[in-house]
Amino acid sequence: MRRQLVPIMLMILDASIVAITPFIALFIRYEGTVSTSNLDMILRNLPLIILLWVAPFHLFKLYHRLWRYASVNELIAIMVAVTLGSVLFYASFFLLGDSMPRSVYLLIWFLNIAFVGGSRMFVRVLKHAQNVNRNTHSRVLIVGADDAGAVLARSLMEKSTDKKLIGFIDDDAEKHGRRLFGVPVLGGIDQLKNWLEQLKINEVLVASSSLDTVMLDSISESCVQANCQLKLTGGFMSPEGAATLKQSRIGFSPQRVCVVGLGYIGLPTASLLATRDFVVHGVDISQHCVDVINAGEVPFYEPELDLMLKAATSSGRLTASTKPVPADVFILCVPTPFKENHKPNLEFIQAAIESIAPYVTAGNLIVLESTSPIGTTELAGKWLKQQRPDLTVPIREIYEKVQLREEPEVFLAHCPERVLPGQILRELVENDRIIGGVNRRSAEVARIFYSQFVKGKILLTDSRTAEMSKLTENAFRDVNIAFANELSLICDKHDINVWELIDLANHHPRVSILQPGPGVGGHCIAVDPWFIVDSAPAEARLIRTAREVNDARPDYVVNQVFDKAACFKQPVIACLGLSFKAGIDDLRESPAVKIVKKLAQRAVGRILVVEPYTSELPEELSGISAVEESALSEALNLANIVVLLVNHPVFSYIDKDLLKGKVVFDTRGLWR
Ligand code: SAJ
């Protein structure tokens with residue numbers, strides 16, 4: 001709700017300021033006496049001025065992209081910036097008057113836009129650098145209204161500007177209704193969940209040394225259910241209290257995180273954690289990647305990640321190198337590709353475990369986020385044990401019958417990433433997460449860590465179920481895309497428009513068919529289902545067939561284009577898009593790349609490739625003389641055949657007249 005409101009509010013705010021400031025400027029200029037001709041002129045030009053002002057911001061999505069999580073401070077900063085910019089504009093307008101040429105007006109207007117836009121960017125980056133976005137006006141409850149609670153409350157009130165203390169919770173009924181520093185003691189722990197929801201609390205601080213494991217569990221459960229962060233403030237406790245907490249099942253307060261693998265998942269995760277109070281060290285085997293990241297640059301395109309990374313590196317909370325460092329939590333985000341025969345290749349996970357092994361100490365949490373075949377997390381434990389026989393590494397337990405272990409151990413869990421490229425930063429925080437512990441305690445410890453930055457639900461299970469659940473999610477999507485692709489073959493045979501067919505069928509309340517396309521790409525859906533097939537070849541018949549149906553799509557498109565190209569003497573084929581899906585620059589397993597390559601291999605003609613998200617052709621295409629990189633207008637101008645391979649938003653604006661007289665293959669149904 002807030003995300004939708006903020007941009008609209010900002011737009012209204014800008015428009016109102018732009019509307020009011022001419023009058024202020026007039027007032028200043030003419031010391032209170034405003035002539036009707038001036039007023040007339042302003043009123044006549046006002047709609048155009050507002051449009052000129054607001055439209056560029058809207059056009060470049062600044063309202064949406066920069067201010068998604070705008071706070072009151074930011075709103076004030078924007079108001080000041082817009083007012084200053086606007087007054088400057090009108091002041092120059094009135095001071096220089098008619099003598100000023102039109103181009104100077106335009107220049108001043110442009111400078112104003114740049115000034116206001118720049119100041120917004122600046123505040124945004126500053127905000128990240130100061131790392132205040134998470135806690136902006138966080139509403140806090142303290143559990144424990146005794147001495148520790150009072151010390152904590154006073155420190156919050158004195159030092160923290162971004163946390164608001166709303167109340168105390170205490171099991172001592174005598175304290176209920178009383179006030180500490182003017183803040184009420186609301187009730188007991190059994191009512192915690194109600195209070196969290198009723199008072200819209202974001203954060204619970206436990207400041208009591210007398211809580212037992214059952215109570216701590218109940219607090220933790222309430223926080224998870226109410227989507228609330230839980231912090232154990234050991235520093236405010238007696239040594240005995242802190243010791244009790246350490247031994248208890250949720251006594252884990254991580255601060256240092258080491259993320260291994262700084263790719264599409266690892267880098268956003270590391271950047272996010274660094275802007276959430278954690279001290280993060282990222283590790284990657286590529287020195288180039290490490291250098292780029294340390295310079296605050298993102299080596300690939302992901303919306304808004306550049307700002308977050310800059311904030312993370314400039315605050316000093318995120319560093320990167322090719323070697324791990326000691327940490328409380330190690331997160332592994334390395335690739336899990338398959339080998340020639342679709343057998344999973346786990347060598348990157350093994351190498352990652354071996355690289356962190358010397359740095360792991362008892363009490364550390366190791367999380368495998370990479371999508372992995374069933375049993376990999378346990379295998380990771382075995383590899384760790386081989387490297388570090390001195391450590392107690394958890395072994396598989398029947399999840400329900402868990403015994404508490406008192407001896408120090410390493411916690412090991414699988415928490416599969418579930419984010420969609422193009423929306424990673426939002427989904428990292430908002431998606432529900434599945435955590436599978438090799439033993440129950442590992443899952444609970446991992447929950448404490450993830451609940452510090454995940455707003456979605458956190459669901460605990462064992463590591464095997466978690467591994468399978470991730471594979472299942474992607475296999476589900478693959479099977480459903482295969483269904484759409486099969487429909488498209490059937491429709492082609494019967495001369496039915498498959499897009500219309502799917503639209504119609506999807507009007508049924510329980511039918512939701514996905515879209516056919518040139519094939520399934522990416523490093524996930526095109527790969528993960530094979531892990532299931534490999535683990536149960538006889539049983540996974542549908543999953544295997546879906547893979548085969550989707551893998552056959554590029555050839556189907558190539559054959560169609562090849563047949564049509566035969567009608568031209570010197571065919572020129574425009575291929576629009578190379579990435580594996582819309583809006584990103586990721587070319588891994590991309591069906592579009594495969595199609596272009598296969599077309600070139602069959603010497604179909606001159607191929608002009610348009611990919612707005614990359615600056616040059618990938619290696620596998622750059623050496624082929626028949627394949628050229630091209631601008632969109634040139635490709636459309638020269639081509640006899642236009643093949644739309646990726647539904648990038650920019651392609652939807654193509655003037656349909658430019659396609660007239662050409663053979664068009666719209667593999668994504670964008671121009672239907
Ligand atoms: N595609 C179609 N038709 C459709 C939808 C997609 O042909 O109707 C194609 C796309 O063009 C693309 C491929 O499928 O080539 C995969 O795209 P996607 O958007 O479905 O998925 P990914 O690979 O970007 O991300 C998936 C997501 N999984 C699910 O939605 C179940 C994401 O949440 C996972 O985190 C990610 O895989 C992963 O890392 O496993």
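In the set (1) charged (D, E, K, R); (2) exposed (fewer than 15 other Cβ atoms within 10 Å of the Cβ); (3) without any contact (Cβ under 8 Å) to a residue 60 or more places away in the chain, the condition left unmet by residue 477 is number (2). If the condition is being more than 30 Å from residue 641 (Cβ to Cβ) and among the charged types (D, E, K, R), then segment 538-559 contributes 539, 541, 544. Only a single item in (1) surrounded by fewer than 21 Cβ atoms within 10 Å (Cβ to Cβ); (2) of a type in the set (S, T, N, Q); (3) within 27 Å of residue 279 (Cβ to Cβ) is not met by residue 465, and it is number (3).
Of all residues in segment 615-653, those satisfying the criterion of being within 16 Å of the ligand (Cβ to nearest atom) and assigned to a loop (DSSP other than H, G, I, E, B) are 618, 645, 646, 647, 648.
If the requirement is being under 18 Å from residue 374 (Cβ atoms) and of a type in the set (Ser, Thr, Tyr), which of these qualifies: 535, 512? Break it down into steps so the answer makes sense when it comes.
On the way: 512 fails: under 18 Å from residue 374 (Cβ atoms).
Of 535, 512, the one residue that is under 18 Å from residue 374 (Cβ atoms) and of a type in the set (Ser, Thr, Tyr) is 535.
Read through the list (1) near the ligand (Cβ under 10 Å from one of its atoms); (2) at pLDDT 95 or above; (3) crowded, with 17+ Cβ neighbours inside 10 Å, then give the number of the only condition that residue 472 fails. Single failed check for residue 472: (3). The residue that is nearest to the ligand (Cβ to nearest atom), counting only those in segment 526-540 that are surrounded by fewer than 22 Cβ atoms within 10 Å (Cβ to Cβ) and part of a loop (DSSP other than H, G, I, E, B), is 540. With respect to the stated conditions, residue 580 fails to be in contact with a His (Cβ under 9 Å, 6 or more places away or on another chain), under 28 Å from residue 471 (Cβ atoms) and outside any loop (DSSP other than H, G, I, E, B).
A count restricted to segment 408-445 and to residues that are more than 11 Å from the ligand (Cβ to nearest atom) and of a type in the set (S, T, N, Q) stands at 2.
Considering segment 601-627 alone, what residues qualify as being over 23 Å from residue 654 (Cβ atoms) and among the acidic types (Asp, Glu)? Matches in segment 601-627: 619, 620. Close Cβ contacts (under 6 Å, 6 or more residues apart or on different chains) running from residues in segment 510-534 that are more than 27 Å from residue 665 (Cα to Cα) to residues that are outside any loop (DSSP other than H, G, I, E, B) and within 7 Å of the ligand (Cβ to nearest atom) comprise 528/474.
Looking across segment 481-510, just one residue is within 14 Å of the ligand (Cβ to nearest atom) and in a loop (DSSP other than H, G, I, E, B), and that is 506. So which residues in segment 425-435 are out of contact with any strand residue (DSSP E or B) (no Cβ under 8 Å at 6 or more places or on another chain) and surrounded by fewer than 22 Cβ atoms within 10 Å (Cβ to Cβ), if there are any at all? Residues satisfying the conditions are 425, 426, 427, 429, 430, 431.
The values are calculated or read from the model by the stated rules, or taken from the named source; none is laboratory data. Being a predicted model, the structure only gives us computed values, none of them experimental. Positions of Cβ are backbone-derived with ideal geometry, glycine not excepted, and every protein chain shown enters the neighbour counts.
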